Every structure is written in C-alpha cells, then in structure tokens.
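Participant: Right, I'll just put the structure down here and ask away after.
The values are calculated or read from the model by the stated rules, or taken from the named source; none is laboratory data. Predicted model, so just to flag it, every value in this text is computed and none were measured. Virtual Cβ from ideal backbone geometry, glycine too; neighbours counted across all protein chains shown.
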Amino acid sequence: MLHGSGPGTTGSGAWAATAQALGPSWHVVAPDQAGFGDTPVPAGSRGGLRLWVGQAAELMDALGAERYAVVGHSMGGAVALALAAARPQQVTRVVAVSTMGAPGAPLSADLEAIWAAPAGPLGARDMLSRLVLDQALVTDAAVDARAAAMRAGAGAFASLFPPPRARWVDDLTLSAQTLAAVRAPVLLVHGAQDRITPLGTAALPLLDHLPDVRLHVLGRCGHVPAIEHPHEFRQLLSSFLHRDRGH
C-alpha cells in the first residue's frame with residue numbers, strides 16, 4: 001500500500017485503518033516511501049518516480065513476495081501503476097485511488113498549495129481543508145496530528161518538490177507505452193469533487209490507456225475516499241482484491 005505526497009504523510013498514517021479493516025487474511029505492507037516518515041532520500045538522490053518504484057519493487061523482493069497486489073493513493077497510484085508495468089509477473093492487481101500518472105495531467109493549484117504548505121498548524125489546516133470535501137473532517141485533533149507529522153518530516157520533504165513544481169507532475173506522468181504494459185486488472189477509485197487530482201484530467205484519461213480497467217466514482221468526495229467514505233472504500237477494495245483468492 002503506497003501513500004500519497006502531502007507533507008507529513010506516512011504509510012501507517014495513510015493506511016492503518018484500511019489495513020486493519022481488510023482483516024487477518026491479508027499480509028499488508030505499508031512503507032514510508034523515500035523522503036517521507038522514517039525513510040530518508042538516499043544520498044545523491046532527489047526522490048521521484050524511478051526511486052519510489054525501485055524502492056517498492058526491492059522491498060517486496062526482500063520480503064520474498066512473489067505475487068502481490070498494489071494499492072496506491074495519489075502519487076502512490078502513479079507508483080503502483082508504474083510498478084505493475086515494470087513487474088507484470090508479480091503484480092496481480094492494482095487499486096489506484098485519486099491517482100496521479102495520467103498523460104497530460106496539469107499541476108492543479110491545490111496540489112501546488114499542498115506541496116508548498118509550511119510545516120505547522122496553519123499549513124496543516126490549509127492542506128487538510130483542500131484534501132476533503134466535508135470540512136467537518138478538519139478537526140483540531142487532525143490538524144495537530146498532521147502538523148506534528150509535517151514538522152517531523154520537514155527536512156526530507158523539503159528536497160522532494162521544490163518550485164517550479166509542474167516538473168514533478170511531469171516526473172509522475174506515465175507514458176501511453178508504460179500504461180499499455182500494465183497487464184494486471186486495475187480499479188480506479190476517485191472522488192467527484194477531487195480538487196487535487198480532478199476526475200476529468202486524472203482518472204478519465206487512464207480509461208483510454210489501461211488494458212483492463214474499471215473506474216468507481218464517489219459523489220460528495222474529495223481527494224481521500226479512504227477517509228471520506230471509509231466503509232464503501234474498504235468494501236470496494238476487499239471485493240476487488242479477493243477475486244483472485246477464491247474466497
């Protein structure tokens with residue numbers, strides 16, 4: 001399970017509740033990608049798609065996982081799709097949530113604001129308010145937790161998306177050739193009101209490029225379906241992933 005790119009994001013922060021809900025039948029791996037949480041960017045590197053795909057592939061190799069599904073959110077969705085293209089014998093299914101990676105997708109004003117958000121309560125509140133449609137979810141507790149995570153990860157994150165920022169969207173864009181190489185079935189999950197990776201530019205173009213794809217759109221939903229529609233999201237995920245397992 002691969003997290004997105006907002007400052008302060010970690011594997012456990014993004015996926016702990018979802019992983020728990022998937023139940024004991026799954027072995028869930030939710031790493032901090034390089035530059036986030038407790039995983040530093042390697043010396044001499046700047047982050048980026050190639051680094052994150054390589055990290056994910058090598059991690060699963062090190063764990064001895066011969067076949068696995070990949071779930072990715074936002075930036076992590078682009079990494080998941082690129083990983084599936086690079087490792088067609090290993091990746092069995094892909095769930096790309098509010099995903100980046102679509103050819104021609106521009107840098108949205110809201111994504112630029114999130115990448116530029118200063119560590120601390122003001123930056124955290126602004127970022128969270130852009131991520132969700134329902135502003136009742138932007139609680140003081142959520143803001144405090146994100147502000148603390150942003151401060152903890154500020155050093156590494158500073159190197160990842162410096163301005164001009166459109167180049168980092170380009171770095172996460174997958175070519176038509178790469179998308180055509182994704183042999184695993186893909187489930188796209190997207191919020192209709194996503195301002196960070198809008199449905200029209202982020203998800204819809206992928207329908208023309210992926211060989212085996214379906215798209216589930218949630219109304220009244222911004223960029224984080226796992227938080228805004230947790231029960232339906234987990235149901236979608238579980239049902240799609242279990243198809244391979246004969247349950």
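Participant: Return the residues of the range 9-30 that are part of a helix (DSSP H, G or I) and among the small types (G, A, S); say none if nothing qualifies.
Facilitator: G11, S12, G13, A14, A16, A17, A19, A21
Participant: Every residue in the range 227-242 that is among the small types (G, A, S) and under 17 Å from A16 (Cα atoms), please.
Facilitator: The answer is S238, and nothing else.
Participant: Also, I was wondering about something else. Mind listing whichever residues of the range 74-95 are in contact with a Gly (Cβ under 9 Å, 6 or more places away or on another chain) and over 17 Å from L51 (Cα atoms)?
Facilitator: V94, V95, listed by residue number.
Participant: State which residue pairs qualify: first residue in contact (Cβ under 8 Å) with a residue 40 or more places away in the chain and inside the range 214-234, second residue part of a helix (DSSP H, G or I) and small (G, A, S) in any location, beta carbons under 7 Å apart, and separation of 6 or more residues or different chains.
Facilitator: What qualifies is P230/A17; F233/A226; R234/A21.
Participant: Something else now. Looking at the range 149-178, which of the residues that are free of Cβ contacts under 8 Å to residues at least 12 places away in the same chain and small (G, A, S) is nearest to A84 (Cα to Cα)?
Facilitator: A158
Participant: For the range 31-47, what are the residues that are of a type in the set (G, A, S) and either out of contact with any Leu (no Cβ under 8 Å at 6 or more places or on another chain) or not in a loop (DSSP other than H, G, I, E, B) (or both)?
Facilitator: If the condition is that a residue be of a type in the set (G, A, S) and either out of contact with any Leu (no Cβ under 8 Å at 6 or more places or on another chain) or not in a loop (DSSP other than H, G, I, E, B) (or both), then G37, A43, G44 are the ones that fit.
Participant: Is it the case that some residue within the range 54-77 is in contact (Cβ under 8 Å) with a residue 24 or more places away in the chain, touching a Leu at 6+ places or on another chain (Cβ under 7 Å), surrounded by fewer than 24 Cβ atoms within 10 Å (Cβ to Cβ) and more than 27 Å from P211 (Cβ to Cβ)?
Facilitator: no
Participant: Please specify each residue of the range 62-90 satisfying the condition of being of a type outside the set (G, A, S) and within 15 Å of H27 (Cβ to Cβ).
Facilitator: Correct list: L63, E66, R67, Y68, V70, V71, Q90.
Participant: Quickly run through the range 179-209 and pick out the residues that are without any contact (Cβ under 8 Å) to a residue 40 or more places away in the chain and part of a loop (DSSP other than H, G, I, E, B).
Facilitator: Correct list: A192 only.
Participant: Within the range 210-247, which residues are over 14 Å from V94 (Cα atoms), part of a loop (DSSP other than H, G, I, E, B) and modelled with pLDDT of 95 or more?
Facilitator: Across the range 210-247, the qualifying residues are G219, R220, C221, G222, H223, V224, H229.
Participant: Taking the condition surrounded by 24 or more Cβ atoms within 10 Å (Cβ to Cβ), over 16 Å from the mean Cα position of the chain (by Cα) and not charged (D, E, K, R), does V213 pass?
Facilitator: no
Participant: Which residues, counting only those in the range 158-168, are surrounded by fewer than 22 Cβ atoms within 10 Å (Cβ to Cβ) and part of a helix (DSSP H, G or I)?
Facilitator: A166, R167
Participant: State all residues of the range 107-129 that are more than 15 Å from F161 (Cβ to Cβ) and in contact (Cβ under 8 Å) with a residue 60 or more places away in the chain; if no residue qualifies, say none.
Facilitator: A124
Participant: Something else: Among what's in the range 130-144 and is in contact (Cβ under 8 Å) with a residue 60 or more places away in the chain and surrounded by fewer than 17 Cβ atoms within 10 Å (Cβ to Cβ), pick the residue that is farthest from G222 (Cα to Cα).
Facilitator: L137
Participant: Identify, from the list L83, L111, the residue that is of a type outside the set (V, I, T), surrounded by 24 or more Cβ atoms within 10 Å (Cβ to Cβ) and either more than 20 Å from A176 (Cα to Cα) or in contact with a His (Cβ under 9 Å, 6 or more places away or on another chain) (or both).
Facilitator: Exactly one residue qualifies, and that residue is L111.
Participant: Now for a separate question. Of all residues being in a loop (DSSP other than H, G, I, E, B) and touching an Asp or Glu at 6+ places or on another chain (Cβ under 9 Å) in the range 124-150, which is farthest from R195 (Cα to Cα)? Just the residue, please.
Facilitator: The qualifying residue farthest from R195 (Cα to Cα) is D134.
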